[in-house]
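One structure is given below, encoded as structure tokens.
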Amino acid sequence: MKSFLLIILQGLVLLSCHQPRKVEQKVTIAPKDSAEMETTSSDIFSEKFKQGIDFTASGNEPFWSLEIDFSKSMHFKTLNGFEITTPIPEGVKAMDSNVTFYSAKTEQGALTVQLAKQECINDMSGKKLDYSVTVDAKNNTDKDYTTYKGCGQYLSDYRLHDIWVLESINDKKLKQEDFMKGLPQLELNLTEKKVFGHTGCNNLNGSLEVLGKKIQFGNLATTRMACKNMEFENRYLNLLSGQTVTYRIEPGKLYLQVSPDSVFIYHKTD
């Protein structure tokens with residue numbers, strides 16, 4: 001009997017040794033390449049700009065987003081279901097800082113947006129943006145406002161980042177032979193926020209910022225060479241230097257509305 005039991009125990013041991021063991025498979029998800037993420041983000045922003053959005057902002061805990069079309073409306077929403085759209089009010093600039101406030105009320109609720117021109121780091125992506133954004137929002141059933149903080153940026157037409165040659169003012173074509181260096185030229189560098197070029201006579205350079213559908217030029221510095229047609233250069237610089245102008249782009253063409261009755265028309269260089 002003992003020998004019989006011993007045989008059974010040995011068989012059980014052998015069976016347990018041959019049972020397949022479960023192998024835990026670890027699945028590693030490779031993070032997206034940063035360049036791929038940047039491209040995806042650029043595509044999204046480009047699409048939003050085409051839809052008329054000039055400024056976007058977002059924040060976390062809880063997640064919220066803001067979109068502003070400065071010709072129409074502000075749209076704010078959160079993940080917990082709160083959402084409000086208001087007409088765009090006129091911005092009110094602070095007296096002692098580079099801050100602009102936009103406040104609006106509707107039957108749905110109220111929204112106050114504060115855009116502060118200061119570097120802001122998105123705490124999820126780590127990306128540096130140009131604006132710190134504070135939103136105070138409430139619906140019509142709330143007694144108090146809820147405050148949300150995050151980062152934002154102006155959107156722009158990526159096609160601006162190029163070299164442009166002035167070909168006409170309104171319907172009047174310019175003649176290359178009237179300019180010592182050829183037709184006036186602007187190189188718009190959105191990455192460095194710089195503008196370079198020449199007036200047809202003197203070289204120019206300065207800062208720029210693209211604000212949705214507008215370009216804000218800083219004061220433009222130039223060389224001081226004397227050329228013919230200096231009256232044109234003076235008028236040209238006065239309409240660009242330190243000015244904010246509306247722009248639009250058509251295939252191969254850039255239109256700058258430099259005054260109510262003057263449009264600079266440029267063509268893209270090859």
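The values are calculated or read from the model by the stated rules, or taken from the named source; none is laboratory data. These figures come from a predicted structure and were not determined experimentally. Every residue, glycine as well, gets a Cβ built from its backbone with ideal geometry; the counts of neighbours run over all protein chains shown. Surface areas here come from the heavy atoms of the whole protein model, side chains and all, with no ligands, DNA or RNA. Shrake-Rupley method; radii C 1.70, N 1.55, O 1.52, S 1.80 Å.
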Highest mean packing first, using Cβ neighbours within 10 angstrom, the peptides 243-249, 73-79 sort as 73-79, 243-249
Lysines whose Cα lies under 20 Å from that of Lys48, excluding same-chain neighbours fewer than 8 positions away: Lys72, Lys77, Lys127, Lys128, Lys213, Lys214
What is the gain in length, in nm to one decimal, between Lys50 and Lys194 on full extension, counting 0.36 nm per residue of separation less the C-alpha to C-alpha distance? 49.5 nm
Share of carbon and sulfur in the accessible heavy-atom surface of the range 117-270 [1.4 Å probe, %]: 46
What list of ³J(HN,Hα) values in whole Hz, one per residue of the range 161-173 in order, does the Karplus curve 6.51 cos²θ - 1.76 cosθ + 1.60 (θ = phi - 60°) give from phi, with Gly and Pro shown as x? 6, 6, 10, 10, 10, 6, 10, 7, 10, 6, 9, 9, 6
Based on the Cα atoms of the range 130-247, what semi-axes does the equivalent ellipsoid have, where each is the square root of 5 times one gyration tensor eigenvalue, given in whole Å with the largest first? 40, 14, 12
Once each part is reduced to its C-alpha centroid, what is the distance from the range 68-143 to the range 229-270 in angstrom? 32
J(HN,Hα) series, the range 123-131, from Karplus relation 6.51 cos²θ - 1.76 cosθ + 1.60, nearest Hz, glycine and proline x: 6, 9, 8, x, 6, 8, 10, 7, 10
Among 189-201, 43-55, the order from most to least packed when residues are scored by Cβ within 10 Å on average: 189-201, 43-55
Accessible area per residue, Å², the range 88-217 with all protein chains present, probe 1.4 Å: 56
Rounded to the nearest 10 Å², what accessible area does Glu83 have for a 1.4 Å probe in the complete protein model? 80
Note on the range 78-231: contact order normalised by length, alpha-carbon pairs under 8 Å, 6 or more apart, percent, works out to 12
